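The values are calculated or read from the model by the stated rules, or taken from the named source; none is laboratory data. This is a predicted model, so every value here is computed, not measured. Note: ideal-geometry Cβ built from the backbone for every residue, glycine included; neighbour counts use all protein chains shown.
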Amino acid sequence: MAEEEEDDGGGTAEFAEEAAPKKGKKKLLIVVAIILLLVFGGLAAAYFTGLLQPVIDQILGNTATSETMDGEAPEALGGGTFYELPELLVNLNTGGRKSTFLKIKVSIELENPEVIPQVESVMPRVLDNFQVYLRELRLDDLKGSAGMYRLREELLVRVNAAVAPVRVRDVLFNEMLVQ
């Protein structure tokens, strides 16, 4: 009987010794997994925000020969012509609350000065497209840099649709006032 007690006691001691390393290995594995998750998450965030793009371009060696998302070669800076549109004053959609006005002055960037007469010939259509879109905006749509970016993109789509086949490169805000 004394031998049986020793086996039980010895078995319990061995079990305790085996459980301790397993517990330590689990903790170590969890810590390593958390660290890897943070590192890969940080790299993914840097990639998707564009912070890694200069590093990627330098590694790949395509800083001068990179292409845009459309597959077109990037256009050289300069060489564009700016055409200033008349000032627009619109009443924003406030849903029955107090009236809110938007005063906006916009310029468009054209590829060359030869297309200005074509743009001027459809200017009433451009202004109408802008007026209709701007009157449906809410004050919340214009808040922050994201709101300004969305507004620029929407105006660019509308002006390109109105002046087709002429291509407008960009819409630039000269003045914007919400009152």
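All of (1) surrounded by 10 or more Cβ atoms within 10 Å (Cβ to Cβ); (2) modelled with pLDDT of 80 or more; (3) not polar (S, T, N, Q) hold for F48 with one exception: (1). Mind checking which residues of region 111-136 are within 16 Å of V166 (Cα to Cα), at pLDDT below 90 and not in a helix (DSSP H, G or I)? E111, N112 - these are the residues of region 111-136 that are within 16 Å of V166 (Cα to Cα), at pLDDT below 90 and not in a helix (DSSP H, G or I). Within region 96-109, residues that are on the phi > 0 side of the Ramachandran plot have Cβ atoms under 6 Å from residues that are part of a strand (DSSP E or B) in no pair, counting only partners at least 6 apart in sequence or on another chain.
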